[in-house]
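The next block holds one structure in the form of structure tokens; read it before the comments.
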Amino acid sequence: MTHRHDIAASRGNNERRFRFRFGGGLRPVAGLALWVSAFVFLYGGLSVGCRAALSPAPLLNTDSVTLWLSGVWLLHVIGAAALLYASWRRRDDPPRHEGGAAGFLERLTLSLDGIAIAAIVAIGVPILLLPPCS
Amino acid sequence: MSSPLSTADAQRSASPIARHRALESLWRDPTGWGGFAAVNHSTIGRRFMLTALVFFLVGGVLAMLIRAQLATSGAGFLDSETYNQIFTMHGTLMMFLFAIPMLEGFAMYLLPKMLGARDLAYPRLGAYAYWCYLCGGLILLGGMALGLAPSSGWFMYTPLSGAQYSPGVNADIWLIGITFAEISAICAGVELITSILTLRAPGMRLDRMPLFAWYVLVTAGMILIGFPPLILGSILLELERAFGLPFFEVTRGGDPLLWQHLFWMFGHPEVYIIFLPAAGMVSTMIPTFARHPMVGYRWIVASIVLLAVASFGLWVHHMFTVGIPHLAQSFFSIASMLVAIPTGVQFFAWIATLWMGKPVWRLPMLYLAGFLFVFVAGGLTGVMLALVPFNWQVHDTHFVVAHMHYVLTGGLLFPLFAAVYYWMPHMTGRMPSERLGTWSFWLIFGGFNVAFLPMHLTGLLGMPRRVFAYPEGLGWDAINMVSSIGSFVMAMGVALFILDVFVHARIGRLASRNPWGAGTLEWAMPTPAPSYNFAALPPVDDRDPLWRTPGLGGDLAGGHGALATWTPGVRETLAVDIVNGEPTHVVRLPGPSYMPFAAAMATAVFFLCVLFKLYMGAMAGAAIALALFIVWAWRTGADDRTRITPEQSDTLLPHTHVSGTPGVWGVGLALTANGTLFAALLFGYGFLWLIAPNWPPAAFIAVSPAWFAGAAAAAVLAWFGAKRALRAEQRGRIATREQGVLLCGAGGLALAGCMGAILIGAPPARAHAYAATTSVLVGYIILHAAVGLVFSAVSWRRGRSTQHVVLTGTDLRLSLIWWRYVAVTALIVVAVVAGLPYVEPLR
């Protein structure tokens, strides 16, 4: 049995505790999860839309599949932007010099959220350029 | 009579030699026949590596046969069926039985040492994983020895691998052997994730973890998500081949493209599952030889995570020619190009580390330089293949073969050989030969490029893959001859490498304690490493602890660190807070046991009986395996009978006395893999409904809605009962606890009954893919309800047992996790099966 004072020296005394809960633990990959969601809904939505042969939409002089996919894409871009904004606001909480593991995770989250929004924007651009079902 | 080291004070003041002897007797594995009971991570890791090496050598011999056959035009010396078996087995051995198990072996051996722990979280599960891997591999090798090897390619595309075109047992051998080996990989994945997150040295925060641990953590997560689609595909194909349930057969509503989707959902992440641990080795070795900490630690972690997630969005780039809409192809094309960015970030970080440091040129660096060159070349052709029009031109040609080998040899073989040289002193206590190592490098590097660089050209000239012969006069002859010569030169290099390692492991120069001057913890121990790793667990306050405290190894051997005392007969290591690395409790690990070997043999009986269609035998094997697992679970934690005493309030408690134990992690992670399999099954259901040509079926399910409502209510009841039982146990209300368990059992039985009624009411499973997939979905829930009932019964009985003092409700917590999963999946199945006839008009 190891006594607590034996390992007390190994503990950082200026660290904030960052409890690894389900939400807290997965927050760093939330942006990329949104990218996965965009991928699934765009690919799946394209398959369903083309199979259901959705009728041409009068709106914006485009077909309804493109319209639906653009909407799904836009929702994901907005979601990713919200995540990025939230992580940007917390980027120095706790401050870098005393952040420890919690600060590392906050900055990792910011990096991944930035990458995620760029990836979501990138995969959606062809929706605006290509016909959906050919 | 008490031992001289029976008290904590005596243990603290013991000499390093006395401490070593005591800990060695506690942690070492038995020898002789007792080796079948070995569970120590060093032993299991070494077994994985050596077995993978054997499979690598067999795969290498097959590669030589392939190149000998293709060296000249004409029919060569192999007939088409033998050639098909050889290239199928070459790919299968290298991808499934060499690459991943070898890296798992490295991870199992190294991680506890790098993380400052004494073992992995589930020693018996690791041993079980090894025996499963060995059995799966032997099934495949046995099939090959008998001339019954699979011959449909390592990707087993349907309909070629279906019963009509592959009528023998060959394809079944692949499906059974690979599924067996993949169970092993998933067990290893669960073990590695739990160990990395929870079993580390005190003070090792997430941001102080060695990069290799980050790489393996992410890879193990990818295994849990990437492998189940192939396991599902294998089960469905075996059901089609053995029982005639149509999933891939077009005439009865199936679609062969479903197999391609399921295979490549696994197959593409597999490439990164192979590359990432190897890249982790590179990220460990480069700072050592650069004499500089790794540059861009956070960006490397971000790159690993991005690479892992993005790798699941690439699978369709293997299917660009099957008729998918252009827009869908563009999604996958962009994602395929996207993965070049995180890979590039890692490359720049490695180069920057070398640039910032003062590199020393030692033998492993030669192989790392080879890796940098070869993998970049493979990555560039990968970006070319991500472009849809180019992909159409070279699809199924030797250009793809060349690309794949540049990626896999560059991304795995060169880092792996560097790693073998780097950690050889750690495992054997002896140094390799710089001269032999240099010779073998140039033979491998030169031979590889002579073999595979020209293959790009044969591919561009139109030479298809998987042909056993080709006519002369097409301009392929000379290039193929050069390729074959190069491959034999490479084989000589590999032979020299193996000779060097095995000879110098015995007679090489003795290694000093930290011969390369590394900063990571695995070098803070004597070499070869003792079975207990550390006499005391090291306090960590830096990413490179040995650079900060060069004398750390001596301090630990002298007992200056955590867990410096021990309880005779009890194997202990520290568990820490996942993020902050603060010690939370002591994990007591099981010692040598024949149970993993026996359970693996029972599992092998199940698989072999399925292979030979002896279904009664298969049921017996499954029943024996289940019984052994129950005994295994029953004994876990049963010896921790002590209640917490006031004197213990100032101590770290054993894991049986706290929540969040390894068991909870294990069940949660196993269900993650299971959930991926379920999601892949739902994908298959949706795919067939939307895409397969011969839909709708002649008849939909005709069952009273009451059965669906009953199933949904029963699922919720079982969940509620499990929750009530756990709450009651935590509050010490034994009677309420019993009621909760009974409620849960009643709900589970009712769920199985309702689902059984739905299954009976479904159209015959052989009639149409709709009926077949519906039956599999419903059968999935029945199976899980049955396992849940066993779960509940065991936890209920253990709770009543006087042998087991329930302190944290762990058993019932595990039961709750299981029933929650069953309830959610059952509700989804009810919604999907009951709802499909109503949404059919959408199609």
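Restricted to Cα positions, what overall size does chain B have along the principal axes? Three whole-Å values, descending.
Taking the Cα atoms of chain B, the three principal extents are 84, 76, 46 Å.
At 0.36 nm per residue, minus the direct Cα-Cα distance, what do B:R506 and B:A352 gain on full extension? Give it in nm, one decimal, please.
Residue separation times 0.36 nm, minus the Cα-Cα distance, leaves 51.7 nm.
So if each residue of separation counts as 0.36 nm, and I subtract the Cα-Cα distance between B:T82 and B:F243, what length gain in nm does that give? Show your work: numbers first, answer last.
On the way: separation 161, 0.36 × 161 = 57.96 nm, distance 2.78 nm.
Roughly 55.2 nm would be gained on extension.
Output the peptides B:604-614, B:13-23 sorted from most to least packed, where packing is the average of other Cβ atoms within 10 Å over each peptide's residues.
Values: B:604-614: 18.0, B:13-23: 15.7.
My ranking of the peptides, most packed first, is B:604-614, B:13-23.
Compute the normalised compactness of the protein assembly as shown: alpha-carbon radius of gyration over 2.2 N^0.38 Å, N being the residue count.
Details: Rg = 28.3 Å, N = 977, 2.2 N^0.38 = 30.1 Å.
Working it through for the protein assembly as shown, the quotient is 0.94.
Hey, any idea what the orientation-averaged projected area of the convex hull of the range B:451-520's Cα atoms comes to, in nm²? Could you put the intermediate results ahead of the total?
Numbers: hull surface 32.8 nm².
So the mean shadow area of the Cα hull is 8.2 nm².
Counting only C-alpha contacts under 8 Å and six or more residues apart, can you give the relative contact order of the range B:696-842 as a whole percent?
Values: 185 pairs, mean separation 46.2, N = 147.
Relative contact order for the range B:696-842 comes out at 31 percent.
Please work out, to two decimal places, the log10 of the ratio I(q)/I(0) at q = 0.12, 0.15, 0.20 Å⁻¹ from a Debye calculation in which every Cα of the range B:463-584 carries one identical scatterer.
Each listed q corresponds, in turn, to -0.68, -0.83, -1.17.
Classify the range B:696-842 as rounded, prolate or oblate from the Cα gyration tensor: take a ≥ b ≥ c as the square roots of its eigenvalues, call it rounded if a/c is under 1.5, otherwise prolate when a/b beats b/c and oblate if not. Working shown, then result.
Numbers: a/c = 3.28, a/b = 2.78, b/c = 1.18.
Since a/c reaches 1.5 and a/b is larger than b/c, the shape of the range B:696-842 is classed as prolate.
Would you mind giving the mean number of other chain beta-carbons within 10 Å of the Cβ of each residue in B:206-218, as a whole number?
Details: counts 8, 9, 3, 1, 0, 0, 0, 0, 0, 0, 0, 0, 0.
Mean partner shielding for this stretch: 2.
Within a Cβ distance under 15 Å of B:L236, other residues only, what is the Lys/Arg minus Asp/Glu net charge?
On the way: positive: B:R241, B:R252, B:R766; negative: B:D172, B:E182, B:E238, B:E240, B:E249, B:D255.
Local charge sum for B:L236: -3.
When you look at the Cβ of every residue in B:573-581, what mean number of other chain Cβ atoms sits within 10 Å?
Details: counts 0, 3, 0, 2, 6, 5, 13, 11, 6.
Taking all residues of B:573-581 together, the mean is 5.
I'd like the isolated cysteines in the protein assembly as shown, meaning no second cysteine's beta-carbon lies under 4.7 angstrom from theirs.
Taking the Cβ cut-off of 4.7 Å, the unpaired cysteines of the protein assembly as shown are B:C132, B:C135, B:C187, B:C609, B:C744, B:C754.
Compute the projected area of the convex hull of the Cα atoms of the range B:1-138, averaged over all viewing directions, and report it in nm² to one decimal place. Write down the numbers at each step before the final one.
Values: hull surface 48.5 nm².
The directionally averaged projection comes out at 12.1 nm².
Which of the peptides B:59-66, B:467-474 is most tightly packed, and how do the rest follow, judged by the mean count of other Cβ atoms within 10 Å per residue? Provide the component values of the computation, followed by the final result.
On the way: B:59-66: 18.1, B:467-474: 13.0.
For the peptides B:59-66, B:467-474, the packing ranking is B:59-66, B:467-474.
Quote the relative contact order of the range B:49-139 in percent (integer), defining contacts as alpha-carbon pairs under 8 Å separated by 6+ residues. Kindly include the intermediate steps, with their values, before the conclusion.
Details: 49 pairs, mean separation 32.9, N = 91.
Value for the range B:49-139: 36 percent.
Would you mind putting B:427-435, B:318-326, B:209-217 in packing order, based on average other-beta-carbon counts within 10 Å, highest first? Kindly include the intermediate steps, with their values, before the conclusion.
Numbers: B:427-435: 17.9, B:318-326: 16.2, B:209-217: 25.4.
The densest-packed peptide leads the list: B:209-217, B:427-435, B:318-326.
With N set to the residue count of the range B:224-354, report its C-alpha Rg divided by 2.2 N^0.38 Å to two decimal places.
Details: Rg = 19.1 Å, N = 131, 2.2 N^0.38 = 14.0 Å.
Normalised by 2.2 N^0.38 Å, the Cα Rg of the range B:224-354 equals 1.36.
Using the Cβ atoms and a cut-off under 11 Å, what net charge is assigned to the surroundings of B:D396, where Lys and Arg are +1 and Asp and Glu are -1? Show your work: numbers first, answer last.
Values: positive: B:R465, B:R466; negative: none.
Value of the local net charge: +2.
Sequence gap at least 6, Cα distance under 8 Å: using those rules, report the relative contact order of chain B to the nearest whole percent. Let's see the in-between values first.
Working: 1416 pairs, mean separation 135.8, N = 843.
Dividing the mean separation by the residue count of chain B yields 16 percent.
Roughly speaking, what is the centre-to-centre gap between the range B:549-622 and the range B:181-241 when only Cα atoms are used, to the nearest Å?
Their Cα centres are 16 Å away from one another.
Averaged over B:324-336, how many beta carbons belonging to a partner chain fall within 10 Å of each residue's beta carbon? Before the final figure, lay out the partial values.
Working: counts 3, 10, 6, 15, 9, 2, 7, 10, 3, 2, 6, 5, 0.
For peptide B:324-336, the averaged partner shielding equals 6.
Where in the range B:41-69 is the amide nitrogen less than 16 Å from a point lying 7 Å along the Cα-to-Cβ axis of B:V467?
B:67, B:69
Only the coordinates and a few stated rules stand behind these numbers; no lab work does. These figures come from a predicted structure and were not determined experimentally. All Cβ positions, even for glycine, are placed from backbone atoms using ideal geometry, and neighbour counts span all protein chains on display.
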